[in-house]
Amino acid sequence: MGVDRPDDADIPPDGSGDHRDGEGGGGDGGRAGRAGGGHTETRHRQEYYAELRVAVSVEESVTAQRAAAREQAAAQKWDGTAKESRWMWTEYQRKWPPEERPPVDRSADPPGSWRGEGDRFLPRAVNRRVEAECERVAEREQEKISPALRATESQDPDRHLIGFEHRLKGSDRIKAKVCRSIKNFGRDPEQAVSHVPDAIRYTFRYQEARYTQGVLADITRLKDQGFELDKLKNSWSHDQYKGINSQWIEPDSGQRFEVQFHTRISFEAKQLTHGAYEWLRTQQADKFEQMVLEAFQKKVTADVPVPSGADGIPDYQKRGSDAG
């Protein structure tokens, strides 16, 4: 009597064993039947996945249509707000005409010095050093930072850098911040210029529906370019300004620059309220005028839609980073 081996089949060698479940007619016929069932199962699976892909595509299309409809409704509402806000700003300027503000008197200043609003002053020697450093800032922007920002922009066609022609801050604005930095922190002129966070600045503008994921992706892309995130301020929950401002450092030179993240509407709101912000910043408005300007900013900002998830992007400040 033979002994079964682990790989021996329990059927007689002549192939005449029981053929149950309709698998009669020999071994080859049984295999053909099972093969036919496998083809049927594969076909059913393929049909299922095809139907699933169609269902997902339809759902995504409906979601996109609803998002587009919401964005269009918000845009229509915003157009009315913008029109009214421009009229309000015209009325404000009629009551407080800019030309009535006293000009900065530089008549007694030594040649080569600089004086700005609020009695900010740079002696000739300091002013020359500041101007030389501003030229170096422009070189870093042209050679290193702007090419990297353009490369980042190219990685996603759904959003763009806007206002690129204004990426360098005006020298008078830089000097005003330098005066504060020298006075408050005791920095030398070169250090003071290097600490101006927005001497170079950029703005990314996104579609509202893609804002949050786009911002998070671009923060990662900027880090991949080698830039260091110094600060991030999320103002989407504020009533005077909505958007995200971030400050970055180019590590080789230590040059700081700013990147703002906006939707179309939040950027337009920023532009509409820029004059109010600038005058409030000088601290030269009296109490009543200050109240009017803040109410104007609040009125404009109230109609800026907050993209889904935008207010959940966390603030950030690098350890050891100072406020200057």
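The values are calculated or read from the model by the stated rules, or taken from the named source; none is laboratory data. Since the model is a prediction, treat every value here as computed from it, not as a measurement. Because the Cβ atoms are built from the backbone with ideal geometry, glycine has one as well, and the counts that use them run over all protein chains shown. Ligands, DNA and RNA are excluded from the accessible area calculation, which covers all protein heavy atoms including side chains. Shrake-Rupley method; radii C 1.70, N 1.55, O 1.52, S 1.80 Å.
From Glu59, Glu100, grab the single residue that is modelled with pLDDT under 70, surrounded by fewer than 10 Cβ atoms within 10 Å (Cβ to Cβ) and over 27 Å from the mean Cα position of the chain (by Cα).
On inspection, the qualifying residue turns out to be Glu100.
Looking at the structure I just gave you, is Ser246 open to solvent by less than 70 Å² (accessible area, probe 1.4 Å), among the small types (Gly, Ala, Ser), in a helix (DSSP H, G or I) and modelled with pLDDT of 95 or more?
No.
Hey, does region 264-284 have a residue that's open to solvent by 80 Å² or more (accessible area, probe 1.4 Å), farther than 26 Å from Asp172 by Cβ and aromatic (Phe, Trp, Tyr)?
Within region 264-284, none of the residues are open to solvent by 80 Å² or more (accessible area, probe 1.4 Å), farther than 26 Å from Asp172 by Cβ and aromatic (Phe, Trp, Tyr).
Considering only residues that are open to solvent by less than 50 Å² (accessible area, probe 1.4 Å) and either in contact (Cβ under 8 Å) with a residue 24 or more places away in the chain or under 22 Å from Pro147 (Cα atoms) (or both), which ones fall in region 222-237?
Leu222, Gly226, Phe227, Leu229, Asp230, Lys231, Leu232, Asn234, Trp236 - these are the residues of region 222-237 that are open to solvent by less than 50 Å² (accessible area, probe 1.4 Å) and either in contact (Cβ under 8 Å) with a residue 24 or more places away in the chain or under 22 Å from Pro147 (Cα atoms) (or both).
Would you call Asp311 open to solvent by 60 Å² or more (accessible area, probe 1.4 Å), part of a helix (DSSP H, G or I) and of a type in the set (Asp, Glu)?
It is true that Asp311 is open to solvent by 60 Å² or more (accessible area, probe 1.4 Å), part of a helix (DSSP H, G or I) and of a type in the set (Asp, Glu).
Among the residues that make up region 204-220, is at least one of them of a type outside the set (Val, Ile, Thr), within 18 Å of Lys144 (Cα to Cα) and open to solvent by 20 Å² or more (accessible area, probe 1.4 Å)?
no
This table checks each residue for (1) modelled with pLDDT under 95; (2) in a helix (DSSP H, G or I); (3) out of contact with any His (no Cβ under 8 Å at 6 or more places or on another chain).
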{"site": "Tyr202", "(1), (2), (3)": "no, no, yes"}
{"site": "Arg205", "(1), (2), (3)": "no, no, no"}
{"site": "Arg221", "(1), (2), (3)": "no, yes, yes"}
{"site": "Lys233", "(1), (2), (3)": "no, no, yes"}
{"site": "Lys242", "(1), (2), (3)": "no, no, yes"}
{"site": "His262", "(1), (2), (3)": "no, no, yes"}
{"site": "Ile265", "(1), (2), (3)": "no, yes, yes"}
{"site": "Glu278", "(1), (2), (3)": "yes, yes, yes"}
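One residue is enough: does region 118-140 have a residue meeting the conditions modelled with pLDDT under 95, part of a helix (DSSP H, G or I) and surrounded by fewer than 17 Cβ atoms within 10 Å (Cβ to Cβ)?
Taking every residue of region 118-140 in turn, at least one turns out to be modelled with pLDDT under 95, part of a helix (DSSP H, G or I) and surrounded by fewer than 17 Cβ atoms within 10 Å (Cβ to Cβ).
Which of (1) touching a helix residue (DSSP H, G or I) at 6+ places or on another chain (Cβ under 9 Å); (2) in contact (Cβ under 8 Å) with a residue 60 or more places away in the chain does Arg159 not meet, given it meets every other one?
(2)
Do we find a residue being over 15 Å from Ser85 (Cα atoms), assigned to a helix (DSSP H, G or I) and either of a type in the set (Ser, Thr, Tyr) or touching a strand residue (DSSP E or B) at 6+ places or on another chain (Cβ under 9 Å) (or both) anywhere in region 286-301?
Within region 286-301, none of the residues are over 15 Å from Ser85 (Cα atoms), assigned to a helix (DSSP H, G or I) and either of a type in the set (Ser, Thr, Tyr) or touching a strand residue (DSSP E or B) at 6+ places or on another chain (Cβ under 9 Å) (or both).
Conditions first: (1) within 19 Å of Phe164 (Cα to Cα); (2) touching a helix residue (DSSP H, G or I) at 6+ places or on another chain (Cβ under 6 Å); (3) open to solvent by 20 Å² or more (accessible area, probe 1.4 Å). Arg187 passes all but one, so which condition is the exception?
Answer for Arg187: the failing condition is (1).
In this structure, is Glu258 more than 27 Å from Arg120 (Cα to Cα), in contact with a Phe, Trp or Tyr (Cβ under 8 Å, 6 or more places away or on another chain), buried (at least 19 other Cβ atoms within 10 Å of the Cβ) and in contact (Cβ under 8 Å) with a residue 40 or more places away in the chain?
no
Check region 154-162 and report whether any residue there is assigned to a strand (DSSP E or B), open to solvent by less than 30 Å² (accessible area, probe 1.4 Å) and of a type in the set (D, E, K, R).
Yes, region 154-162 contains at least one residue that is assigned to a strand (DSSP E or B), open to solvent by less than 30 Å² (accessible area, probe 1.4 Å) and of a type in the set (D, E, K, R).
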